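Participant: Take a look at this one; I'll ask things after.
The values are calculated or read from the model by the stated rules, or taken from the named source; none is laboratory data. Computed from a predicted model, the values in this text were never measured in an experiment. Just the protein is used for accessible areas: all its heavy atoms, side chains included, with ligands, DNA and RNA removed. Shrake-Rupley method; radii C 1.70, N 1.55, O 1.52, S 1.80 Å.
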Amino acid sequence: MRVISGLYRGRVLRTVGDLSVRPATDRVRQTIFDMLTNRIDFDGALVLDLFAGSGSLGIEALSRGAAHATFVEHSHEAAEFIELNLRTLRCTEASLVLESDAMAFIRPGAGTYDIVFADPPYAYARTAEIPGAVASSGILRAGGYLLIEHAAGLTLGGTTGLAAGPVKRFGRTHVTFFTPTNPGNDPQ
């Protein structure tokens, strides 16, 4: 797996050797970032990578100019690989890796972010709760984006404080974009 674009373009990212982590494919990452590039300025952005796995989404954002990325991953082994990748790319000062449950992290006072990526395991029972948790926590800044990668069989709708759409489809993988509906309530 490689970084697609930006400062770290072409650099190889390492991850766990088993199937416990399902990294976002190059095609999915390319499409996500092409869409985001037309919607948000990465330069100076604050990024949260929930269910970080390999860390590929947050690292891609750093490569494209994000000021800081916070990676939240419950697996000790996966978190170690994220830290290894960040050291290899020499961007540890622009990042924080937390070994924690992603849903427990989403709470008021957890900081505010311009982009929140959530890529839970497809079998994760609480995926549909993520938009509501993000909206009620206040972690997504006005003008920001929440992106959830999920199985095709799951339809995610908007919730109080977040509007859903568009949805990008990649076979068995879907990515749903969310934006805040009350931009005047930015907690910054």
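Participant: Keeping all protein chains in the complex and leaving out DNA, RNA and ligands, what accessible area do you get for Asp41 with a 1.4 Å probe, in Å² to the nearest 10?
Facilitator: Result for Asp41: roughly 110 Å² accessible.
Participant: Next question. Return one whole number: the accessible area per residue of the chain in Å², for a 1.4 Å probe. If you can, show how the numbers build up before the last one.
Facilitator: Numbers: 8550 Å² over 188 residues.
That works out to 45 Å² for each residue.
Participant: Using a probe of 1.4 angstrom, how much of the accessible area of the stretch 39-159 is carbon and sulfur, in percent? Don't jump to the answer; show the numbers that get you there.
Facilitator: Details: 2280 of 4540 Å².
Looking at the stretch 39-159 in its full context, I get 50 percent from C and S.
Participant: A further question follows. Just the Cα atoms of the chain: what Rg and Dmax do they give in Å?
Facilitator: My reading of the Cα-based Rg and Dmax gives 15.0, 45 Å.
Participant: Moving on. Provide the solvent-accessible area of Thr25, counting protein heavy atoms only and rolling a 1.4 Å probe, rounded to the nearest 10 Å².
Facilitator: In the full protein context, Thr25 sits at about 80 Å².
Participant: So how much slack lies between Ala94 and Ser75, counting 0.36 nm per residue of separation and subtracting their Cα-Cα distance, in nm? Don't skip to the end; give the middle numbers.
Facilitator: Numbers: separation 19, 0.36 × 19 = 6.84 nm, distance 2.13 nm.
Contour length minus the Cα-Cα distance gives 4.7 nm.
Participant: Binned at 5 Å from 0, what are the whole-percent values of the Cα-Cα distance distribution for the stretch 95-183, short to long?
Facilitator: Binned Cα distances yield the sequence 3, 14, 27, 27, 18, 10, 2, 0.
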